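*Asks:* First, the structure itself, so that you have it in front of you.
Derivation of every value follows stated rules applied to the coordinates shown; laboratory data play no part. Because the structure is predicted, anything quoted here is derived from the model rather than measured. All Cβ positions, glycine included, derive from the backbone under ideal geometry; neighbour counts span all protein chains shown.
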Amino acid sequence: WQPSFAGMSASGDMGFTTGPWEFKADIKDAKPSGYGHFVTVWKKQPDGSWKWVVDLGISHPQSGGPQTLWHPTEKIKPTTRSVDTATETKALLDRDRALSLASLDQGLAKAFTTYAAPEVRVYREGNLPLIGQSASAATLAKISGQFKSEPISGDVARAGDLGYTHGTYEVSDAAKKVTERGSYVRIWKKQGGAWRVVLDVTNVH
């Protein structure tokens, strides 16, 4: 696997990486037998080391592209600003639950577009990553039934500009029978004073 995109908080204590992975049962195999994309959230520890705190991914039937060395293009100005992370994390979890309620009321595609950043990345099993609101909404609109998610926990960087939530989700049909369930991770950025989803990945159980 290799990161092809990443993000970082201005406080330098939380970030995420994502990119394609390939699997070979034997390193000598001519072609991989599996492909996919991973999402990993990292947090800086008191000793200065980076440890991953949540990791989730998808598989899809084709290569995610050539493995080239990625270089950041976005410049982030460091800050010593610090928020009350407990209060901000609670607000982020409430925001996550509000997205779920909006999905039940308006449909997933419409609700997601309201809460997502313009540059959002959406990962769904069996598909290459979708980038941008339009591509994401078009695919999410194909999901039949009601989508309901519930966060288990989350966290926010000291600067209050980057955070994540993770939990479980269910898709139910018109008879309220669960047709799909799994886990999700959402990475959020504060944009214009509001939390917006910049990456959303689900994995079917």
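*Asks:* For the chain, modelled as a Gaussian network with Cα springs under 10 Å, which listed residue fluctuates most, 149, 103, 82?
*Replies:* Maximum among the listed residues: 82.
*Asks:* Using the Karplus equation 6.51 cos²θ - 1.76 cosθ + 1.60 (θ = phi - 60°), what ³J(HN,Hα) coupling, rounded to whole Hz, does each residue of the stretch 30-44 give in order, writing x for Gly and Pro?
*Replies:* Those phi angles translate into 5, 10, x, 9, x, 9, x, 9, 10, 9, 10, 9, 10, 9, 6 Hz.
*Asks:* So if we plug the beta-carbon distance of residue 47 and residue 102 into 1/(1 + (r/R0)^6) with R0 = 35 Å, what FRET efficiency do we get, rounded to 0.05? Spell out each step's value before the answer.
*Replies:* Working: r = 41 Å, r/R0 = 1.16.
So the FRET efficiency works out to roughly 0.30.
*Asks:* Search the structure for amide H atoms under 5 Å from the amide H of residue 54, placed 1.01 Å from N in the peptide plane, and list their residues when 5 or more places away or on another chain.
*Replies:* Close amide H contacts, sequence-distant or interchain: 41.
*Asks:* Per residue of the chain, what 222 nm ellipticity follows from adding -39500 (n - 2.57) for every DSSP H run with n ≥ 4, rounded to the nearest 500? Display every interim value, and only then the final one.
*Replies:* Working: 3 runs with 38 residues, N = 205.
Helices in the chain give a 222 nm mean residue ellipticity of -6000 deg cm²/dmol.
*Asks:* Something else about it: What is the Cα coordinate range of the chain on the first, second and third principal axes, sorted by size from largest, in whole angstrom?
*Replies:* Result, largest extent first: 50, 45, 28 Å.
*Asks:* Mind checking the dipole of the stretch 81-191: about its Cα centre, +1 per Lys or Arg Cβ, -1 per Asp or Glu Cβ, Debye to the nearest 20?
*Replies:* Details: 16 positive and 13 negative charges, 25 e Å.
Here the stretch 81-191 has a charge dipole of around 120 debye.
*Asks:* How much length would be gained if the chain were fully extended between residue 74 and residue 177, taking 0.36 nm per residue of separation minus their Cα-Cα distance, in nm to one decimal? Spell out each step's value before the answer.
*Replies:* Values: separation 103, 0.36 × 103 = 37.08 nm, distance 4.41 nm.
Net length gain for the segment: 32.7 nm.
*Asks:* Also, I was wondering about something else. Please report, ordered by residue number, every helix of the chain (full DSSP H runs) that is 18 Å or longer along its axis going by C-alpha atoms and whose mean Kyte-Doolittle hydropathy reaches -1.0.
*Replies:* Details: long enough: 85-106 (30 Å, -0.36).
Both cut-offs are met by 85-106.
*Asks:* Can you tell which of 173, 26, 13 shows the greatest fluctuation in a Gaussian network model of the chain with Cα springs below 10 Å?
*Replies:* 26
*Asks:* Return the Rg/Rh ratio of the stretch 55-104 with Cα-based radii and a Kirkwood Rh.
*Replies:* On the way: Rg = 18.2 Å, Rh = 15.9 Å.
We get a ratio of 1.14 for the stretch 55-104.
*Asks:* How far apart, in nanometres, would the label points at residue 91 and residue 59 be if each is projected 7 angstrom from Cα along the Cα-to-Cβ direction?
*Replies:* Each label point lies 7 Å from its Cα, and together they span 4.1 nm.
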